[in-house]
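The values are calculated or read from the model by the stated rules, or taken from the named source; none is laboratory data. What you are looking at is a predicted structure, and each value in this text was computed from that prediction instead of being measured. Here Cβ is always computed from backbone atoms with ideal geometry, including for glycine, and neighbour counts include all displayed protein chains. To get the accessible areas, we keep the full protein, side chains included, count just its heavy atoms, and leave off ligands, DNA and RNA. Shrake-Rupley method; radii C 1.70, N 1.55, O 1.52, S 1.80 Å.
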Amino acid sequence: FKPAPLHVAYRVIEIVVLYTAGFWLLLNKQILLGLLSLSIAQGRCGWLMHEGGHYSLTGNIFIDRTLQVILYGVGCGMSGSWWRIQHNKHHAMPQKLGHDVDLNTLPLVAFTEKIAKKCGMAQKTWIRMQAVMFPMITTLLVALGWQYYLHIRHILRAKNWGELSAIIMRHVIWTVVVTRHFGLGQSILLFLAYDWLASNYIFINFA
């Protein structure tokens, strides 16, 4: 393919501007607008890191992979290498039950009746409400589970210190900009609201 470096630069600058604007709005008591800007920025990181993970940004695999690690780590708090492994499995057998890892969504979501048949009574009750629960809480649970369990576990097993550094940088930035200003309790609530909006933005697009 023919790379478009100016477009890549534009997409990266867009993310930086959205994050900068979001933090500025938060600090100036425009909480809702700030959270919306931050959540859109995180979602845009997710879209752009996808292209980096496919090596379809610059035409240079090293640069694309590095951009993915930074975008996904700092921007979303997640592991680029974990994503590449899972996404390659998805593309090997897309939409095939038992093979496409993107369909392994239980216990929170069932995309087909075949999957739902395997559920117990309590889980079936949850699945019946999944259309309502998905935007309310499921997206956030998935994001937090990825950010603070699955991806961290993968990084530590793989000893991928570059990715860990990117995720640490994300939390350093949040601590310096938000926690120092609002205090720990309110900072955690703001982070959860931001993560909830961002996870809805990207996961509802996928769903």
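Among the residues of segment 189-198, some residue qualifies, meaning at least one is open to solvent by 30 Å² or more (accessible area, probe 1.4 Å) and farther than 19 Å from Gly43 by Cβ. Residue pairs whose Cβ atoms lie under 8 Å apart, separated by 6 or more positions or on different chains, with the first residue in segment 149-169 and more than 14 Å from Cys76 (Cα to Cα) and the second charged (D, E, K, R), are Ile155/Glu163. Looking at Val142, Val176, just one residue is assigned to a helix (DSSP H, G or I), of a type in the set (A, V, I, L, M, F, W, C) and over 18 Å from the mean Cα position of the chain (by Cα), and that residue is Val176. Report, by residue number, each residue of segment 14-70 that is open to solvent by 50 Å² or more (accessible area, probe 1.4 Å) and polar (S, T, N, Q). Once the filter is applied, which keeps residues that are open to solvent by 50 Å² or more (accessible area, probe 1.4 Å) and polar (S, T, N, Q), segment 14-70 yields Thr20, Asn28, Gln30, Asn60, Thr66.
If you filter segment 172-188 down to residues that are among the aliphatic types (A, V, I, L, M) and within 14 Å of Leu35 (Cα to Cα), you find that the one that is surrounded by the most Cβ atoms within 10 Å (Cβ to Cβ) is Val178.
For the subset of segment 44-58 comprising residues that are in a helix (DSSP H, G or I) and among the hydrophobic types (A, V, I, L, M, F, W, C), which member is nearest to Leu6 (Cα to Cα)? So the residue we want is Leu48. Can you find a residue that is open to solvent by 20 Å² or more (accessible area, probe 1.4 Å), at pLDDT 95 or above and under 20 Å from Leu150 (Cβ atoms) anywhere in segment 72-79? Taking every residue of segment 72-79 in turn, at least one turns out to be open to solvent by 20 Å² or more (accessible area, probe 1.4 Å), at pLDDT 95 or above and under 20 Å from Leu150 (Cβ atoms).
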